[in-house]
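Okay, so here's the structure we're looking at.
The values are calculated or read from the model by the stated rules, or taken from the named source; none is laboratory data. Source: prediction; values computed, not measured. With ideal geometry, Cβ positions are generated from the backbone for all residues, glycine too; neighbour counts draw on all protein chains shown.
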Amino acid sequence: MSGRPACDVLLCGTGLFAARIAFDLAATCGEPLRIAMAGRNAARRDWLVTAANARATIFATPPRFVSLDADLLEPGAADRLVAATAPRVIVQAASAQPSAVIARSGDAWARLVADGGLSATALTQAEITLAVARANSRAGARAALVNCAFPDVVNAIVAAEGHGVLSGMGNVGILSSVFAAARDLDPARLKVLAHYQTLAPFRRPAPQRGGRPPRVWIDGREVDDVFAQFADVLLTPEPVIDISGATGVPLILALCAGRTWRGHLPGPQGLPGGYPAVVENGRVELDLPKGLSRAAAVAWNASFEEENGLIVADGRIAFRGRLKELLATRAHDLASGFPIADINSAIARMNDLRDAMMKEPA
């Protein structure tokens with residue numbers, strides 16, 4: 001590792017998501033924050049730092065970015081990184097499973113994800129996040145952890161292992177910001193309850209939409225027909241990184257400044273799905289519309305994974321629905337579920353399965 005051993009924000013990852021976060025921080029940050037970008041691809045990492053510092057110069061903003069070498073898949077690497085940087089906020093945007101798989105086709109793994117749902121990637125997405133969360137816990141959990149790797153599902157795994165995770169970013173935040181912009185609404189007038197699975201219909205033209213939509217309240221009144229109300233909203237088929245990375249930037253800045261923040265977050269407190277939320281004094285609470293209980297909101301979000309996906313309950317991880325059926329044909333040991341204590345071996349097993357299926361035609 002290089003550079004001064006302390007930072008305000010530790011940004012793990014050098015992919016498109018991490019780049020978007022870094023570039024938006026560079027353009028909008030009004031405080032002299034020190035932001036460390038960590039990853040194993042030195043050329044990519046150093047370029048992102050160079051570009052982020054250049055953007056800060058262009059926009060006349062005071063943050064400074066530094067580059068740190070870290071392969072977070074190596075044993076002990078996350079502990080060394082957290083100890084060296086002592087961050088106030090950890091933004092975990094690294095994953096061994098690129099989210100772009102949703103726009104891919106041609107191999108058996110992409111077909112499994114398309115047919116069984118994105119929760120097929122939950123274990124592979126959890127690997128680095130768990131390493132970082134464990135390191136943060138061993139360091140005294142001083143940093144607020146924001147996980148960007150499939151937070152609607154992965155954050156529940158992190159919490160089940162006993163680690164603190166503030167939230168994720170994107171997903172519900174994508175829909176809330178797009179909906180507010182489409183109707184020229186002050187975001188404070190809008191509340192959205194959305195599981196990541198509710199984004200899929202908005203990737204298709206309005207006449208082709210179906211399934212369960214997100215729940216939306218405007219000025220305290222729930223919208224009767226969300227698909228009709230937002231028929232003109234169309235997301236890209238690939239991950240909506242241009243929006244999702246940006247949704248977390250005001251949260252990161254608020255955490256660093258100790259300011260209260262209100263908006264929409266996936267996986268707050270390790271809960272499934274996404275919610276309206278408020279962050280104050282480094283703690284997150286749900287900010288639900290009047291008349292909607294916490295239990296009802298959590299049950300609504302959890303029902304998506306109960307129907308098809310991955311659930312965490314009573315110390316076990318289990319698969320449901322079509323995803324379970326598909327996994328059972330290739331890895332019955334995984335499909336039947338396992339204790340959270342066996343998560344490491346399950347991740348290794350899923351990685352092997354993914355690597356093998358990526359070599360097979362769809």
| task | Please enumerate the residues belonging to the range 137-161 that are in contact with a strand residue (DSSP E or B) (Cβ under 8 Å, 6 or more places away or on another chain), of a type outside the set (A, V, I, L, M) and within 21 Å of C7 (Cβ to Cβ). | result | N147, C148
| query | Among the numbered criteria (1) assigned to a loop (DSSP other than H, G, I, E, B); (2) closer than 16 Å to V233 by Cα, which single criterion is violated by G162? | reply | (2)
| task | Please give the strands (runs of 3 or more DSSP E) falling wholly within the range 30-144 in which 2 or more residues are more than 30 Å from G162 (Cβ to Cβ). | result | 64-69
| field | Considering residues of the range 212-237 that are in contact (Cβ under 8 Å) with a residue 24 or more places away in the chain and out of contact with any Lys or Arg (no Cβ under 9 Å at 6 or more places or on another chain) only, the residue surrounded by the fewest Cβ atoms within 10 Å (Cβ to Cβ) | value | D232
| remark: For the range 290-317, pairs from a residue that is closer than 22 Å to V216 by Cα to a residue that is part of a loop (DSSP other than H, G, I, E, B) and modelled with pLDDT under 95, with Cβ under 8 Å and 6 or more apart or across chains, are none
| field | Leading residue by the ranking (surrounded by the most Cβ atoms within 10 Å (Cβ to Cβ)) among those in the range 33-52 that are over 20 Å from G248 (Cβ atoms) and over 22 Å from the mean Cα position of the chain (by Cα) | value | D46
| request: Scan G173, G164 and give me the residue that is in contact with a strand residue (DSSP E or B) (Cβ under 7 Å, 6 or more places away or on another chain) and either without any contact (Cβ under 8 Å) to a residue 40 or more places away in the chain or surrounded by fewer than 24 Cβ atoms within 10 Å (Cβ to Cβ) (or both). | output: G164
| message | Between R320, R283, R354, which is within 22 Å of the chain's Cα centre (by Cα) and more than 21 Å from L123 (Cβ to Cβ)? | response | R283
| remark: Of the candidates S345, S293, S336, the one satisfying the condition of being exposed (fewer than 15 other Cβ atoms within 10 Å of the Cβ), polar (S, T, N, Q) and at pLDDT below 95 is S336
| query | Before we move on, is A139 in contact (Cβ under 8 Å) with a residue 60 or more places away in the chain, under 18 Å from E285 (Cα atoms) and surrounded by fewer than 20 Cβ atoms within 10 Å (Cβ to Cβ)? | reply | no
| Of the residues P187, P201, which is touching a helix residue (DSSP H, G or I) at 6+ places or on another chain (Cβ under 6 Å), at pLDDT 95 or above, surrounded by fewer than 23 Cβ atoms within 10 Å (Cβ to Cβ) and not basic (K, R)? | P187
| task | Kindly establish whether V233 is more than 18 Å from the chain's Cα centre (by Cα), under 25 Å from E305 (Cβ atoms) and at pLDDT 95 or above. | result | yes
| message | Looking at the range 242-264 only, could you name the residues that are under 14 Å from V172 (Cβ atoms) and not in a helix (DSSP H, G or I)? | response | G248, R262, G263, H264
| request: Take D79 and decide whether it is surrounded by fewer than 16 Cβ atoms within 10 Å (Cβ to Cβ) and within 22 Å of the chain's Cα centre (by Cα). | output: no
| task | Could you check, for the range 179-195, whether at least one of its residues is part of a helix (DSSP H, G or I) and within 16 Å of the chain's Cα centre (by Cα)? | result | no
| request: Kindly indicate whether any position in the range 138-155 is within 20 Å of I21 (Cβ to Cβ) and out of contact with any helix residue (DSSP H, G or I) (no Cβ under 8 Å at 6 or more places or on another chain). | output: yes
| request: Taking only the range 236-252 into account, find how many residues are farther than 21 Å from N155 by Cα and either modelled with pLDDT of 95 or more or of a type in the set (S, T, N, Q) (or both). | output: 1
